[in-house]
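Have a look at the structure that comes next, please.
The values are calculated or read from the model by the stated rules, or taken from the named source; none is laboratory data. These figures come from a predicted structure and were not determined experimentally. Methodologically, a virtual Cβ is constructed for each residue, glycine included, from the backbone with ideal geometry; neighbour enumeration extends over all protein chains shown.
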């Protein structure tokens, strides 16, 4: 009998509580179109935020012409390319950089040709044929543009007849903030 009164009291108390208003509309974070081409001849061109960036000879990490992996003990690989709005004339591309990270490891081998699905983070256990970018233009201060998991777009790696790899990026990214 005592448990019946307790249940009735709990039911009465819960019905008296006002339910949270969950009718507010969902507002998605804005996305930004990022388009880039990185070539085996060590050039980078990025178009985003109504600006064009570029450089020649500024790729570090996986090495052109075939983007051969340089990390022996990691489950991922990739490179960074400094870019600037003056096409890389500015020393060290002070207008920003783009990082491209691929799942798996190509240590000592050329980058795999194909279309890569998009991930926010590439970790050691990320499935094959996934990739991500981090585009950090100086105009965003400490922020950068990054694709969310399965975002619209892709990263495509093609190969010329001589085996030179070129990377084509065309995706929707979200502004990502770091720090305080």
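Can you give me the number of residues within segment 54-78 that are within 20 Å of residue 128 (Cα to Cα) and touching a residue at least 40 places away in the same chain (Cβ under 8 Å)?
Of the residues in segment 54-78, 9 are within 20 Å of residue 128 (Cα to Cα) and touching a residue at least 40 places away in the same chain (Cβ under 8 Å).
Just to verify a result, which residue in segment 45-58, among those that are at pLDDT below 95 and in a strand (DSSP E or B), is farthest from the chain's Cα centre (by Cα)?
If we filter segment 45-58 for residues that are at pLDDT below 95, which is where we start, we get 49-58.
Going one step further and asking which of them are in a strand (DSSP E or B), we end up with 51-56.
Numbers: 51: 19, 52: 18, 53: 17, 54: 18, 55: 20, 56: 22 Å.
My answer is 56.
Kindly provide the set of residues from segment 129-143 that are modelled with pLDDT of 95 or more and over 13 Å from residue 46 (Cα atoms), ordered by number.
129, 130, 131, 132
If you don't mind, another one. Would you check which residues across segment 121-148 are touching a residue at least 60 places away in the same chain (Cβ under 8 Å) and under 16 Å from residue 71 (Cβ atoms) and list them?
None - no residue of segment 121-148 is touching a residue at least 60 places away in the same chain (Cβ under 8 Å) and under 16 Å from residue 71 (Cβ atoms), so the list stays empty.
Return the pair list, or none, for Cβ contacts closer than 9 Å from residues in segment 28-43 that are free of Cβ contacts under 8 Å to residues at least 40 places away in the same chain and at positive phi to residues that are in a loop (DSSP other than H, G, I, E, B) and surrounded by 15 or more Cβ atoms within 10 Å (Cβ to Cβ), at least 6 apart or on different chains.
42/58; 42/64; 42/65
Next question, about the same structure. Is it fair to say residue 84 is modelled with pLDDT under 95 and either closer than 19 Å to residue 43 by Cα or in contact with a helix residue (DSSP H, G or I) (Cβ under 7 Å, 6 or more places away or on another chain) (or both)?
So residue 84 fits the description; yes.
While we're on this one: Tally up the residues in segment 59-69 that are modelled with pLDDT of 90 or more and more than 16 Å from residue 103 (Cβ to Cβ), please.
6
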